[in-house]
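Heads up, the thing below is written out as structure tokens.
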Amino acid sequence: MIRLRVVKLLLKRDLKSVTEFPRLELIILPTLLIFVVLSQIIAWGWGEGSIADRPLILIQAIIDRTRLIFTYPIVIIFIPMIIADIVTNEYEKGIMLMLVSYPVKRSEILISKFASVFSISWIVIFSTSLAGILVVYKNHAMLPPLVLVVALFISIGILCFLVCSVSTVISTISGSTVVAP
Amino acid sequence: MSSLTVLLLWPMIINVFSWQLKLPDLMALSYTGSVPELIDLLTLKLGKSEIPVTSLMSVIVQLLLASLFLFLSHIALDRKEFK
């Protein structure tokens, strides 16, 4: 049985290493900038007349295009990089050996590492998407239907789950900071 | 290597996103629509091929695949020998 209390303690430690100073800021700031600028450009590109008639299509266009430029690179590059860093780095520095020698199960160590990166990537990608939508709301007074936002939230979650699991298995098997990302 | 694997899995991931954009229509139809319309909305066609792939199924397959990967990493870490 997995002990939740132990996982919580390990998670706290892993979250600290994931959100270490330059790492998270380097991901959030440029991507937020790209998302907001892009959503503005798309909103202007539609022309003043047509926006009022087709708010749903506009919001869908924003989500569609920002996915291409913003979500794909962050998902393909950053998530594997973070997981590879927190898993393989600990192999090489011997921290994993120390963790294994403690009375914690290996599955608990794995779950805490996976959960920390999964939750952080889900929050970062969804909150930056939400920022783009809010900027459009401020300038054009349009909000997407709630169900679309919920759908976006769920689909980003599924995507992060799959990518995190793939990265975790490769990092655990290879154990090398060069091969894993 | 993980980035490469994610790229290889990309067609399946794209499927989930098309499902996400269809979800609002799907919810509206579930109240008012007819059954053929609902089936048409649930069906995706892969490229030019005629094989229909339900996007909801692809979501389930993705979740199963992700769980399998997690299970594999659990086995890998369990059998790892630390020197």
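Modelled this way, with points 7 Å down the Cα-to-C-beta line, the labels at A:Leu130 and A:Met98 are 3.6 nm from one another. If you plug the beta carbon distance of A:Asn89 and B:Phe71 into 1/(1 + (r/R0)^6) with R0 = 25 Å, you get a FRET efficiency near 0.60.
We did not get these values from a lab; they are worked out from the coordinates using the rules stated. Source: prediction; values computed, not measured. With ideal geometry, Cβ positions are generated from the backbone for all residues, glycine too; neighbour counts draw on all protein chains shown.
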